[in-house]
Amino acid sequence: MIADLKGRFFATRKLTADLAAPLSDADATVQSMPDASPTKWHLAHVTWFLESFILRDHVAGYRAFDDSFAYLFNSYYEAEGARHSRDRRGLITRPSLAQILEYRAHVEAAIDVHWNNLPGAALQLIELGIHHEQQHQELLLTDILHLFAQNPTYPAYWPEPVLRDAPAREIPALDWIDGPSGIRSIGHSDAGFAFDCEGPRHDVLLQPFALADRTVTNGEWMQFMNDGGYSEPRHWLSDGWAWVQREGIARPLYWQQDADGQWLGFGLDGLRSIDAAAPVTHISLYEADAYASWAGARLPTEAEWEVVAAAHDANDGNQLDALGAVRPLASHAASMFGNVWQWTGSAYRPYPGFKAAEGAVGEYNGKFMSGQFVLRGGSCATPRVHMRASYRNFFYPHQRWQFTGLRLAKDV
């Protein structure tokens, strides 16, 4: 088991470096908005996490690679002291990308040397560190997408186009999955890794409901737009309507029209024609809720989503790519996982009996349980191992730079 953990640890570290490999120092340094972080910061932060909570705390005599890194690359851990402002991470022009990669190599080497002497508590933190870094792999991709979208040349991150020349597909018919009602249990069981916010497991009462067997497509979203969806206030939450008016929102993020009025979308594979049959993505909770209202449906609760998802394997209707993420197949099965994160109508709050861990790592999730909404299912950028029924992602309702979409629900 320990040997497996070590293999997974170094494989995760290598994948992060591989994701950053196509980027220049400038690509890795710039911050496109306060919600996003530079690739260089992601590379350093996950390394600081390991250096601080494993090497510093569990290896006698270990000395930090650079004392200033604790200030530069702490994210939000109040117990770890002062830190650089999040919205100014793009101003960290030094250390260079090369120095950050040297930092990563230093910490990896130190962990390798001391691996056999690490106590059980440190190995548990190694497990958390793997999953933490996998979260940042996803953030790295979504943040670099947002950065490249600000470049008028629309550079592609992928070395080759992904689905750029795929033939036009018909929008698949939508069907409904009847969900189980009555008293049901949700939350992570004791088997396998889970983040603290996924438990404790507890009972919920569900009224009869059904979920759509697939997520909403780009073509359906175009129908919403053509029907004045962004200009009809009756479909919108009050805060959402104010956001639309204030920000001039009229389409999903990264959509634009060419001179002929055709819709294009910018992705990691560059600028391409919108695939009407693909899931709509980069929409906010406000947009998802307005669409559901327009369609005569609603967003699912996270409990409804989870009890249905627990009956579906994460590979249904999808194929894995080289990053361990999921990409859509031409057919849409009843899969609940992959493609896009799916907004729910549930506020991100603690489950009954939730208790944060002791120490700084107790700040991991619990402190963010205010003002955000839960998303489920994983996206094309999500590591496969994070696609489980109990996983709770969470963002503020206006945010949409992640691969976020929606699945409809209805009462029956």
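In a fully extended conformation the segment linking Leu174 and Ala64 would gain 34.1 nm over its present Cα-Cα distance, using 0.36 nm per residue.
As a ratio to 2.2 N^0.38 Å, the alpha-carbon radius of gyration computed for the chain takes the value 0.99.
Once the Cα atoms are used to define both axes, helix 39-50 deviates from the longest principal axis of the chain by about 50 degrees. When the chain is treated as a GNM with alpha-carbon contacts under 10 Å, the residue of His202, His136, His114 showing the greatest mean-square fluctuation is His114.
Give, as a single signed number, the net charge of other residues whose beta carbon lies under 14 Å from the beta carbon of Pro397, with Lys and Arg counted +1 and Asp and Glu -1.
Numbers: positive: Arg246, Arg400; negative: Asp35, Asp239, Glu247, Glu287, Asp289.
Cβ neighbours under 14 Å give a net charge of -3.
Subtract the Cα-Cα distance of Arg234 and Gln124 from 0.36 nm times their separation in residues, and report this length gain in nm to one decimal. Walk me through the intermediate numbers first.
Values: separation 110, 0.36 × 110 = 39.60 nm, distance 4.97 nm.
The span from Arg234 to Gln124 would gain 34.6 nm if fully extended.
The Kirkwood hydrodynamic radius of segment 176-411, based on inverse pair distances between different Cα atoms, is 18.4 Å. Hey, for a label at Asp190 modelled as a point 7 Å past Cα toward Cβ, could you say which residues of segment 334-354 have their backbone N under 19 Å away? Under cut-off, by backbone N: 352-354. Among Arg246, Arg400, Arg298, which one shows the highest mean-square fluctuation when the chain is modelled as a Gaussian network with alpha-carbon springs under 10 Å? Taking springs between Cα atoms under 10 Å, the residue moving most is Arg246.
Rounded if a/c is under 1.5, else prolate if a/b is larger than b/c, else oblate: which is segment 2-149, with a ≥ b ≥ c the root eigenvalues of its Cα gyration tensor? Numbers along the way, then the final one.
Values: a/c = 1.91, a/b = 1.49, b/c = 1.28.
Judged from the Cα gyration tensor, segment 2-149 comes out prolate (a/c at least 1.5, a/b above b/c).
Extending 7 Å from Cα along the Cβ direction at Val412 and again at Thr153 yields two label points whose distance is 5.3 nm.
Exposure proxy shown here: for Ser293, Ser273, the number of other Cβ atoms within 10 Å sets the order, fewest to most, as Ser273, Ser293.
Test of understanding: what is the full-extension gain from Ala17 to Tyr76, defined as 0.36 nm times their sequence separation minus their Cα-Cα distance? Let's see the in-between values first.
On the way: separation 59, 0.36 × 59 = 21.24 nm, distance 2.31 nm.
Once the chain is fully extended between Ala17 and Tyr76, it gains 18.9 nm.
Would you please give the FRET efficiency between Arg298 and Lys6, computed as 1/(1 + (r/R0)^6) with r the Cβ-Cβ distance and R0 = 56 Å, to the nearest 0.05? Computed FRET efficiency for Arg298 and Lys6 comes out at 0.75.
Summing charges over neighbours of Phe69, with a neighbour being any other residue whose Cβ is under 14 Å away from its Cβ, gives +2 when K and R count +1 and D and E count -1.
Each label point was placed 7 Å from the Cα along the Cα-to-Cβ direction; for Ala109 and Asp269 their separation is 4.0 nm. Measure nothing but the geometry: give the 0 to 90° angle between the long axis through the Cα atoms of 97-114 and the longest principal axis through the Cα atoms of the chain, rounded to 10°. Rounded to the nearest ten degrees, it is 60.
We did not get these values from a lab; they are worked out from the coordinates using the rules stated. Remember, predicted model here, so these are calculated numbers, not experimental data. Every residue, glycine among them, receives a Cβ derived from its backbone with ideal geometry; neighbour counts consider all protein chains shown.
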